[in-house]
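Everything on this sheet refers to the single structure shown next.
The values are calculated or read from the model by the stated rules, or taken from the named source; none is laboratory data. Small disclaimer: the values here were computed from a predicted structure and weren't measured. Here Cβ is always computed from backbone atoms with ideal geometry, including for glycine, and neighbour counts include all displayed protein chains. Surface accessibility is based on the protein's heavy atoms, side chains included, excluding ligands, DNA and RNA. Shrake-Rupley method; radii C 1.70, N 1.55, O 1.52, S 1.80 Å.
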Amino acid sequence: MTTGTAGKVVASAAEAVADVRDGATLAVGGFGLCGIPQATIAALRDQGARDLTAVSNNCGVDDAGLGLLLANGQIRKMVSSYVGENKTFERLFLSGELEVELVPQGTLAERLRAGGAGIPAFYTPAGVGTPVADGKETRAFDGRDHVLEHAIVADFALVRAWKGDALGNLVYRRTARNFNPLAAAAGRVTIAEVEQLVEVGELDGDAIHTPGLYVQRVVQAPPGEKRIERRMVASR
Amino acid sequence: MSATVTPRELIIARAAQEIADGMVVNLGIGMPTLLADVGVARAGVLLQSENGLLGIGPYPTEDEVDPDLINAGKETVTAVAGHAYFDSAESFAMIRGGHVDLAILGGMEVSAGGDLANWMVPGKLVKGMGGAMDLVHGAKRTVVVMEHLSKAGESKVKPACTLPLTGRGVVDRLITDLAVFDLPRAADGSRELVLVETQPGVTVEQVRERTEAEFRVAGADGDSEPVVAS
């Protein structure tokens, strides 16, 4: 890995994911196909690590996002809140080939946040009285039941940012932010692909969403199409 | 132009009346998303999108389409003046923390006790709960919109849900193509199913025939007719 004046910048997505080993847990940013780290996901498909656990709100679609790793048989377990648009996923899940932990979206976000923030577990009302709470500790606060949920720390985090610098400071754009800052904080090794790699000092300190200390590797994302899952246009 | 109103159009037209000026509203994916135009047009209403936007605007023009700007249904959208973007933890802090006035969600089944099932059919359909389990506990008010009968013609308003729950005792109001029900909460936390309106041209008797759950009809002693929607 490059060090010194280049800081955390690595030359390619392939180099950034080279040491992801079989059985690793990954926290992956993105919501649907919005803000997904598509370059590092593609590199990981080529790298071939298997038996991965992927913690991500969704699992892409059949031919994009984490769907690429799923179709390539690299994912053993998904931890997600919504998986409705992926036929490969549905087939693998219903046939029992893929282990799936469905987590309420807010709980998933908070488990990653807690993991990055050193909070081992927390109580939430989401999921009380549903299969989500099965086997988990519940406790009443102010007369309302809550379920104990545990933090998630991942071996690697893959995130996508709009702008980043060699120190790993990141700025996200619009709703592409979503789970990215949470995944970034929850990764032991966080790999950020950035659309614009800017000089240190160029980002306004007030505008930084992910301070650089959460990020271990930065890679310039190659120019490439950002897919749109549901393109809606006004008839104006 | 056809004068026929579809069940979904009936439901959406009635649900639109739930959105009052100044509310912060979260619309679930599917049928509730059809209310976005109403929410956008209503004075001071801000639509919250759990993927990290407060202030959803109309669908974009061709020139405005932006892959980085979508709603929770993954549709391209715009943002209104005064909007804010945030991450998913912040989004659910707003939701769980009681800062969202109203959630309008789709349903597969609603029970007489206010239980909601809308995220999976075991062995058949896997969608996931998305943000619904957080929303039903966090939003100040939860309104469910769904067609009264399944495609097989069975009542989706049940004595008890047969599908895995999204939340127990969480539905404040249910709007179907036949009727509007309230589910007031008693002091002991339990809820009761009360018919408060029928859709135009629908009688209370017809609602009874097509509803598996027992319900009370709003009014003194439960005997008087409910308000009929105009």
Taking the Cα centre of region A:1-84 as origin, sum charge times position over the Cβ atoms of Lys and Arg (+1) and Asp and Glu (-1), and report the length of that vector in debye to the nearest 20.
180
B:Tyr59 accessible area, nearest 10 Å², 1.4 Å probe?
60
Please report the base-10 log of the normalised intensity I(q)/I(0) for the protein assembly as shown, using a Debye sum with one equal scatterer per alpha carbon and no solvent, at each q in 0.07, 0.08, 0.13 (1/Å).
-0.37, -0.48, -1.17
Return the carbon/sulfur percentage of the accessible area of chain A, one whole number, probe 1.4 Å, all protein chains in place.
48
Highest first, please rank the peptides B:200-211, A:54-65 by the mean number of other Cβ atoms sitting within 10 Å of their residues.
A:54-65, B:200-211
Theoretical ellipticity at 222 nm over the protein assembly as shown - DSSP helices of four or more residues, -39500 (n - 2.57) apiece, nearest 500:
-5000 deg cm²/dmol
Which length gain, in nm to one decimal place, applies between B:Lys151 and B:Val5 when the Cα-Cα distance is subtracted from 0.36 nm times their residue separation?
50.8 nm
Among the DSSP beta bridges whose two residues both lie in the protein assembly as shown, what percent are antiparallel, rounded to the nearest 5?
40
So for region B:7-167: antiparallel DSSP bridges make up what percent, rounded to the nearest 5?
50
Report the accessible surface area buried between chains B and A, summing both sides, using a 1.4 Å probe on protein heavy atoms only, in Å² rounded to the nearest 100.
4200
Where in region B:75-107 is the amide nitrogen less than 13 Å from a point lying 7 Å along the Cα-to-Cβ axis of A:Ile119?
B:89-94, B:96-97
Step through the residues of region B:80-88 one at a time and calculate ³J(HN,Hα) from phi using the Karplus curve (6.51 cos²θ - 1.76 cosθ + 1.60, θ = phi - 60°), rounding each to whole Hz and writing x for Gly and Pro.
7, 4, x, 5, 9, 10, 7, 7, 5
Output the DSSP H helices from chain A with an along-axis C-alpha extent of no less than 15 Å and a mean Kyte-Doolittle hydropathy no less than 1.0.
none
Amide H within-cut-off set for A:Ile36, under 5 Å, with H built and near neighbours excluded:
A:Phe31
Hey, can you find the accessible area per residue of region A:101-200 for me, probe 1.4 Å, expressed in square angstrom?
35
With 0.36 nm assigned to each residue of separation and the Cα-Cα distance removed, A:Lys77 to A:Asp62 gains 3.8 nm
May I ask which of A:Lys87/A:Lys163; A:Lys8/B:Lys74; A:Lys77/B:Lys151; A:Lys77/B:Lys127; A:Lys87/B:Lys156; A:Lys87/B:Lys74 have a Cα-Cα span longer than 23 Å here?
A:Lys87/A:Lys163; A:Lys8/B:Lys74; A:Lys77/B:Lys151; A:Lys87/B:Lys156
Inter-chain shielding of B:163-171 (mean C-beta neighbours from other protein chains, 10 Å cut-off)
4
How high is the FRET efficiency between B:Asp63 and A:Arg230 when r is their beta carbon distance and R₀ equals 22 Å, given to the nearest 0.05?
0.75
Answer in debye to the nearest 20: the dipole magnitude of region B:7-167 about its Cα centre, from +1 Lys/Arg and -1 Asp/Glu charges placed on Cβ, is 780
In whole Hz, what ³J(HN,Hα) sequence does region A:20-36 give by Karplus (6.51, -1.76, 1.60; θ = phi - 60°), x for Gly and Pro?
5, 9, 4, x, 6, 9, 10, 9, 10, x, x, 9, x, 9, 8, x, 7
At a 1.4 Å probe, which residues in region B:47-64 are at least 40 Å² less accessible with all protein chains present than in their chain isolated?
B:Asn51, B:Tyr59, B:Glu62
Over chain A, what is the percentage of antiparallel beta bridges among all DSSP beta bridges, to the nearest 5?
30
Partner chain Cβ atoms within 10 Å, averaged over the residues of B:134-141 - can you pull that number for me?
4
Please return the longest stretch of chain A lacking exposed loop sites, where GluC sites (Glu not before Pro) count only if DSSP places them in a loop and at most 16 other Cβ atoms lie within 10 Å.
A:1-96
Per-residue HN-Hα couplings for region B:168-177 [Karplus 6.51, -1.76, 1.60; θ = phi - 60°; Hz; x = Gly/Pro]:
9, x, 10, 8, 8, 8, 10, 10, 10, 6
For region B:107-158, which GluC sites (Glu not before Pro) pass both filters: DSSP loop (anything but H, G, I, E, B) and at most 15 other C-beta atoms within 10 Å?
B:Glu154
If I fit a long axis through the Cα atoms of helix B:7-16 and take the longest principal axis of the Cα atoms of chain B, what angle between them do I get, 0 to 90°, rounded to 10?
70
Which order do A:Ser95, B:Ser150 take when ranked by solvent-accessible area (1.4 Å probe, heavy atoms of all protein chains), largest first?
A:Ser95, B:Ser150
